[in-house]
Amino acid sequence: MALLDRSEWYGLARETNWTPRYVAENELFPADLSDPYGLPMKAWEAFDEPYKVSYREYVKVQREKDANAYSVKAALSRSKFYDSADEGYLSLLKLHYGAVSLTEYQACQAQGRMSRFSKAPGMRNTSTFGMMDEMRHTQLQLFFPHELVTRDRQFDWAHEATHTKNWAVLGGRHCMDDIMMTRDAITTSIMLSFAFETGLTNLQMVGLAADSEAIGDFTFSNMITSIQSDEARHAQLGTPSIEILIKNGKKAEAQKALDISFWRVWRLFAILTGIPMDYYIPLEKRHMSFKEFMHEWVIKQFVRQLNDIGLEKPWYWDMFLDDIENHHHCQQGGIWSWRPTVWWNPPGAVGPKEREWLEKKYPGWNDSYGRYWDVIIGNLLDGHEEKTHPNCIPVICNMCQIPVSNRPGPKWKARVYQLDYKEKRYNFCTPVCKWIFEQEPERYKDFETIVDRMYSGVIDPPTLPNVLTYMGIGVVSNGGRDGYDYSWINGYRKQAAE
Amino acid sequence: MAGKRDDERKNSVGPVLRAGEMADAVMQALEEDNPGKEFVVQDHVAYLRIETEGECIVRRETIERALGRPFKMPELEVNLTSFSGRIETTEDHMRFYLEKRL
C-alpha cells in the first residue's frame with residue numbers, strides 16, 4: 001500500500017498532550033522548566049511549526065546530508081589542502097572548532113530539554129529533530145578536525161576547549177549557559193532558536209563558507225552549509241512560540257528574551273566571525289567585509305523576519321549598529337596583543353594593503369584603530385617585539401566576559417559602565433551588558449571573571465605562568481603567536497626604505 | 001550599497017541554496033511557478049541568494065521536471081541552507097512569504 005501523505009496524518013500524530021492523573025500538571029511541566037509565563041495548556045496546543053518533517057523523511061534527508069559531507073571530506077583529504085594552507089586561515093579553523101564543536105553538544109541538551117518540557121506538542125516534535133541535528137553537528141565538528149591534531153596540537157581544542165577555563169571559553173560558556181542551558185523551554189525557543197539560530201548562526205555557517213570556498217577549503221564550506229540546512233529547519237520553532245506569547249499578551253516578555261539573547265550572542269559572533277572575515281582571511285580571498293555580511297544576514301534578513309512576527313528591533317539598535325563598526329576591530333587588537341592566551345595564532349595582518357581595504361570598508365579605521373597598530377608596527381620595525389606584549393591586566397566585562405574596550409583615536413569611546421550591587425562593584429563594556437545584568441542580578445552576581453579569579457585566590461599566586469596553565473595554555477597545546485611571524489610588517493619596511 | 005534603513009523595509013523573500021544542480025532546478029521552477037515575478041539572484045559562490053518581492057512558491061512537480069527525475073519536497077532541505085521571509089512546507093510545495101508588507 002502506498003504511504004499516506006504527511007499532511008493526512010501529521011496533525012493527528014502530533015497531538016500528544018494528555019491529561020495527567022497521577023501527578024498534577026505543574027509537576028509534569030514545572031513552570032521554571034516549561035513555561036514561567038503561565039499560559040494555559042490550550043494556548044500551547046495551537047503551536048504550529050512552519051517547517052514540518054516526518055521521522056521517515058528526516059532519516060532519509062539526514063542520511064543524504066551526511067553521505068555528502070563525509071564523502072567530500074574523504075575525496076579532498078587527498079588534496080593536501082591543509083599542508084600548505086594559509087596560517088591565518090588555519091587560525092580561523094582552530095577558533096571555529098574550539099568555540100563551536102562542543103557548543104553544539106550543549107545545544108543538543110537544550111533541544112532535549114525543550115522536547116521534554118515544552119507544553120506545545122509541536123515544539124516537542126521539532127526539537128526532537130533539533131536534538132538529533134545538534135548531535136550530528138557535534139560529531140561532524142569533532143571528526144573533521146581530528147585528522148589535523150597530529151599535525152598541530154592547537155586543533156585539539158576542538159574537543160578540549162569546553163573543558164578548560166580559557167578566558168575565551170569562559171565568555172562563550174557564560175553566554176550559552178545563560179541563553180540555552182538554564183532557561184525554560186519557551187524562553188530557550190526564543191533565545192536559542194530565534195535570536196541565536198535564526199538571527200546569527202547564518203554568518204558563521206553560510207557567510208563564512210563564501211570565504212572558505214574562495215580559499216579552496218571545500219571540505220569546510222560544504223560541512224558548515226550542510227549543518228546550517230539543519231538549523232534552517234529546527235530554528236523555525238522559535239516563531240510560533242513568539243506568536244503565541246504575543247497573542248496571549250506577553251509581547252514584552254518575548255521582546256526582552258530576544259533583546260537579552262541577541263546582544264549576548266552578537267558579542268561572541270563579532271569575535272568568532274568578524275575577526276576572521278576581516279583579518280584572518282588573506283586579503284585577496286575576502287568575499288565581503290564582516291559588516292557587509294551583517295548587513296545581508298541580520299540587518300536585512302533577520303530584522304525583516306522579526307518585524308513580520310510582531311516583535312520590534314532591540315531597544316539598543318543604534319548601539320548595535322555602532323558596535324558592528326567597532327567591536328571586532330577592538331577585539332582583534334586585544335586578542336592579538338594577548339596572543340599567548342589563546343589556542344590559535346592570530347595574525348596581526350594589518351599591512352599597508354590590508355589597511356587600505358579596512359579604511360574602505362570601515363571609513364575612519366586608520367584614524368582610530370590604525371593609530372593603535374601604528375605603535376605596534378613602530379615597535380616591531382625597531383626590533384622591540386617585547387613591547388608588543390602588554391604588561392597590564394584588562395578590565396573584563398562582568399556580563400560578556402570580554403575585555404572592556406571601544407574605539408581608540410580622536411573619537412575615543414572606550415569607557416567602563418559600573419554598577420554597585422550588594423557591596424560589590426561590577427564592570428560592564430556597554431550599557432547593554434549592564435542592562436542585562438540589572439534584569440536579574442541574582443542570576444549573574446556570583447560569576448567570577450578570569451581577572452576576578454586572579455584577585456580572589458582561585459588562581460594562586462596569579463603569576464603569568466599560573467594564569468596560562470589555569471587557562472589550559474601549555475596543557476592542551478601551546479598558546480598563540482603572530483600567525484605570520486610578523487611578515488605582514490614587511491610592507492612598512494619597504495615603504496621606509498623607499 | 002543601499003541605506004540601512006531602506007534595507008530593513010524591503011519585502012524580500014526566497015531561498016538561500018548551496019550552488020549546484022538543485023539550485024539551478026529551483027531557479028527554473030521558481031520562474032515557472034511564479035509567472036510575472038522578478039527574481040534577483042546573488043551569487044556568493046558557496047551559496048546563491050534568490051529573492052523576490054513578498055511571496056513565492058516552488059512546486060515539487062516543477063522541480064521534478066527541471067531535474068528530469070522523481071523528487072520529494074523534503075529533499076530540498078539538503079541544499080536549503082537558509083531563506084529570507086517565512087516558510088510553509090507541504091508535500092507538494094514550499095512557499096516563502098511575509099504576512100506584512102512594508
### Task
Would you list the P(r) distribution for the protein assembly as shown, with all Cα-Cα distances sorted into 10 Å bins from 0 and each bin expressed as a whole %?
3, 16, 27, 27, 17, 7, 2, 0, 0
### Task
Give the residues of region A:279-311 whose amide nitrogen is closer than 14 Å to a point set 7 Å from the Cα of A:Lys413 in the direction of its Cβ.
A:291
### Shielding by other protein chains, A:302-310, mean Cβ within 10 Å
5
### Query
For region A:174-225 and region A:35-99, what is the separation of their Cα centres, given in Å?
9 Å
### Average other protein chain Cβ within 10 Å of Cβ, residues A:49-55
4
### Query
From the backbone phi of region A:141-155, what are the Karplus-calculated ³J(HN,Hα) couplings (6.51 cos²θ - 1.76 cosθ + 1.60, θ = phi - 60°) in whole Hz, Gly and Pro given as x?
7, 8, 6, 4, x, 4, 5, 8, 5, 5, 8, 7, 5, 4, 6
### Kirkwood Rh, Cα atoms: Rg over Rh of region B:9-97
0.92
## Note on the structure
With only helices counted (DSSP H, runs n ≥ 4, each -39500 (n - 2.57)), the per-residue ellipticity at 222 nm for chain A, to the nearest 500, works out to -16000 deg cm²/dmol
### Query
Nearest 100 Å², what total accessible surface is buried between chain A and chain B (probe 1.4 Å)?
4000 Å²
### Sum of side-chain charges, A:Val451 neighbourhood, beta-carbon under 15 Å (Lys, Arg +1; Asp, Glu -1)
+1
### Task
Would you check the accessible area of A:Met176, probe 1.4 Å, heavy atoms only, in square angstrom rounded to 10?
10 Å²
### Query
For the Cα atoms of chain A, what angle does the longest principal axis make with the long axis of helix A:87-117, in degrees from 0 to 90, nearest 10?
20 degrees
### Task
With r as the distance between the Cβ atoms of A:Arg151 and A:Asp5 and R0 = 56 Å, compute the FRET efficiency 1/(1 + (r/R0)^6) and round to 0.05.
0.65
### Query
What lysines could a cross-link reach from A:Lys422, if we take a straight Cα to Cα line under 20 Å and drop same-chain neighbours fewer than 8 places away?
A:Lys434, A:Lys445
#### Entry: Largest-first ellipsoid semi-axes for region A:47-149, taking √(5λ) over the Cα gyration tensor eigenvalues, angstrom
32, 17, 9
### Message
What do you get for trypsin sites (Lys or Arg not before Pro) in region A:412-450 restricted to DSSP loop and a cutoff of at most 15 other Cβ within 10 Å of the site's Cβ?
### Response
A:Lys413, A:Arg415, A:Lys422, A:Lys445
### Query
So what's the angle, to the nearest 10 degrees on a 0 to 90 scale, between helix A:218-234 and the longest Cα principal axis of chain A?
40 degrees
### Query
Averaged over peptide B:11-21, how many Cβ atoms belonging to another chain are found within 10 Å of each residue's Cβ?
3
### Task
Report, by chain and number, residues whose modeled amide H sits under 5 Å from the one on A:Leu311, excluding near sequence neighbours (fewer than 5 apart, same chain).
none
### Task
Order these peptides, B:67-73, A:193-199, by their mean beta-carbon neighbour count within 10 angstrom, highest first.
A:193-199, B:67-73
### Message
How large is the Rg to Rh ratio of region A:245-334 when both quantities use alpha carbon positions and Rh follows Kirkwood?
### Response
1.05
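The values are calculated or read from the model by the stated rules, or taken from the named source; none is laboratory data. Just so it is clear, the model here is predicted, and its values are computed rather than measured. Using ideal geometry, Cβ is built from the backbone for each residue, glycine included, and neighbour counts are taken over all protein chains shown. We work out accessible area using only protein heavy atoms, side chains counted, and drop any ligands, DNA or RNA first. Shrake-Rupley method; radii C 1.70, N 1.55, O 1.52, S 1.80 Å.
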